[in-house]
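To start, the structure itself, in structure tokens.
The values are calculated or read from the model by the stated rules, or taken from the named source; none is laboratory data. Quantities reported herein were computed from a predicted structural model and do not represent experimental measurements. Cβ coordinates were reconstructed from backbone atoms using ideal geometry, including for glycine residues, and neighbour counts include every protein chain displayed. Note: accessible area is taken over every heavy atom of the protein model, side chains too, but ligands, DNA and RNA are not part of it. Shrake-Rupley method; radii C 1.70, N 1.55, O 1.52, S 1.80 Å.
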Amino acid sequence: MKQPMDRDVMAMRVAREFQDGDVVNLGIGIPTLASNYIPEGRRVTFHSESGVLGYGGVLDDGEGDIDLINAGGQFVAPLPGMSVFSSADAFAMIRGRHIAVAVLGAFQVSERGDLANWMLPGRGIGNVGGAMDLAAGARRIIVVMEHVTKDGQPRLVRRCTYPLTGLRCVDLVVTDLAVIAVTPQGMELRETAPGYSAADIQAMTEARLTVAKDVREVEL
Amino acid sequence: MATDRSAARKVFDSFARAVADIPDGAVMMIDGFGGPGGMPSFLIAALRDQGARNLTVIGNTAGLPGFGAKAGQEFITTAVLYENRQVRKTIASFPVPRSPSVMTPFRKAWQAGEVELEVAPQGTLAERIRAGGAGIAAFYTPTSAGTDLAQGKETREFGGRLHVLEHALTADYAFIRAHRADTMGNLTYRGTSRNFNPAMATAARVTIAEVDEIVPAGEIDPEAVVTPGIYVRRIVQRPGAGQ
């Protein structure tokens, strides 16, 4: 039985990448969900471009404070040891390589790790926000996205056709079908969703995949 | 006393008076990450009423409805300046709502060709403002190297990595939203509402702060001051808040 990963399972798989002590920046959407699944025993500190380090979970309207938001405009909980700072400082942390991991959504990732996630071609206007700063500055970039577009077009491509966010910056891609590492030799298929063969994944991927010796079903 | 004269010069009793001298064509820095926290809404409304035109507005967004706000919470953003056709040019990192179907006054003005837009990466925008206030003409950053946003910009390799030359930004006026001010113009902020405020406060010829509360000099612990008063020319207290 082929079983794609749902949003929560993808978030859970992403969270397994966080190491004890990591400072992590989460993009909007599935990346933010990853904060719900920090592996037992690991202490992870969350950073947001809005100017806060060490915040807690997302709060609803009733509990939220307009003076404590993440970069997606959601209210977040204060935690002991939290700090706040200006935008210039928030991005000095990013550009200065102080962020261990950034988790981002994407439209396309190329086989050499180029990232396209800020603008759809032809729209003429885009929101870059902090994406290019994160792509350039975070020590490790994990992309989480659907494996193909709504029309079934591959998002893992040989060369990005959408406007680029950063060059050769993506380290790992988690999709609903697979976990793929970007290595100096190109993309390597490491894990598959239940029921999918390496050939199934390659058939839905424009980028050329090598298959890891120990390729296996995704482990959570 | 120097202190008293300085205080008398800085504290304004109305938002209208604080923005009265802003001329047509002024370059404005207007704070706000996007939500109501950190948004100098009373100053923005006063500028709308004052009517200066052909403005350049530098800010993170160009007005995002509902962002960072409670359900149904109304708040004034720079959107009102687009609605009132006062803006000629915008420099922003996140100009429009995520969904292309959400129409905003900025999007409408941009689609009509009435406003020129420069999109800048958020960290580059913050640093260009910081540099402007610190007397740094330009700087090299790896952000945006190899992308469309680096087109036409000088590049140079450092340590084998491509960097982009980004130029500092300064303004004629900055609108700041702080929590407390003392009469010297020293400012503190609340939480993530600090965002672009401290950098913008340094980068404008005239910085105007909208605050919850104005207290006598000495009531803010010098160790707690985030924006020293040297950067702040005018202070106005929001109605219904503080003392």
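Table for the structure above
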read-out: Check on B:Glu166, in a strand (DSSP E or B) and modelled with pLDDT of 95 or more; value: yes
read-out: Residues located in the stretch B:67-95, provided they are open to solvent by 50 Å² or more (accessible area, probe 1.4 Å) and within 12 Å of chain A (Cβ to nearest Cβ); value: B:Lys70, B:Ala71, B:Gly72, B:Gln73
read-out: Subset of the stretch B:189-212 [within 14 Å of another protein chain (Cβ to nearest Cβ), assigned to a strand (DSSP E or B) and surrounded by fewer than 19 Cβ atoms within 10 Å (Cβ to Cβ)]; value: B:Asp212
read-out: Per-region count, the stretch B:125-154, residues open to solvent by less than 60 Å² (accessible area, probe 1.4 Å), under 20 Å from B:Ala203 (Cβ atoms) and facing chain A (nearest Cβ under 7 Å); value: 4
read-out: Residue satisfying all of: in the stretch B:169-187; open to solvent by less than 10 Å² (accessible area, probe 1.4 Å) and farther than 23 Å from B:Lys89 by Cα; farthest from the other protein chains (Cβ to nearest Cβ) among these; value: B:Asp182
read-out: Failed item, numbered, when B:Glu166 is tested on (1) more than 12 Å from chain A (Cβ to nearest Cβ); (2) over 22 Å from B:Ala79 (Cβ atoms); (3) surrounded by 16 or more Cβ atoms within 10 Å (Cβ to Cβ); value: (1)
read-out: Leading residue by the ranking (nearest to the other protein chains (Cβ to nearest Cβ)) among those in the stretch B:31-46 that are open to solvent by 10 Å² or more (accessible area, probe 1.4 Å) and farther than 14 Å from B:Ala178 by Cα; value: B:Ala45
read-out: Residues (under 22 Å from A:Ala11 (Cβ atoms) and among the hydrophobic types (A, V, I, L, M, F, W, C)) located in the stretch A:178-208; value: A:Ala178, A:Val179, A:Ile180, A:Ala181, A:Val182, A:Met187, A:Leu189, A:Ala193, A:Ile201, A:Met204
read-out: Candidates B:Asp49, B:Asp13, B:Asp4, B:Asp24, filtered to the one that is open to solvent by 50 Å² or more (accessible area, probe 1.4 Å), acidic (Asp, Glu), farther than 22 Å from B:Val119 by Cβ and at pLDDT below 95; value: B:Asp4
read-out: Pair list, Cβ under 7 Å, 6 or more apart: the stretch A:156-172 residue more than 9 Å from chain B (Cβ to nearest Cβ) and of a type in the set (D, E, K, R), other residue outside any loop (DSSP other than H, G, I, E, B) and buried (at least 19 other Cβ atoms within 10 Å of the Cβ); value: A:Arg158/A:Ser110; A:Arg159/A:Ser110; A:Asp171/A:Ile141; A:Asp171/A:Ile142; A:Asp171/A:Val182
read-out: Unique match (being modelled with pLDDT under 95 and closer than 22 Å to A:Met132 by Cβ) among B:Pro65, B:Pro100; value: B:Pro100
read-out: 2 or more residues open to solvent by less than 20 Å² (accessible area, probe 1.4 Å) and in contact with a Gly (Cβ under 7 Å, 6 or more places away or on another chain): qualifying strands (runs of 3 or more DSSP E) within the stretch A:1-113; value: A:101-104
read-out: Number of positions in the stretch B:54-66 that are within 12 Å of chain A (Cβ to nearest Cβ) and open to solvent by less than 60 Å² (accessible area, probe 1.4 Å); value: 6
read-out: Total residues in the stretch A:114-132, condition open to solvent by 10 Å² or more (accessible area, probe 1.4 Å) and not in a loop (DSSP other than H, G, I, E, B); value: 1
read-out: Residue satisfying all of: in the stretch A:88-133; within 11 Å of chain B (Cβ to nearest Cβ) and acidic (Asp, Glu); farthest from B:Pro198 (Cα to Cα) among these; value: A:Asp114
read-out: The stretch A:195-220 residues that are buried (at least 17 other Cβ atoms within 10 Å of the Cβ), paired with ones that are among the basic types (Lys, Arg) and part of a helix (DSSP H, G or I) (beta carbon under 8 Å, 6 or more apart); value: A:Val218/A:Arg13
read-out: Single unsatisfied condition, A:Ile142 versus (1) assigned to a strand (DSSP E or B); (2) modelled with pLDDT under 95; value: (2)
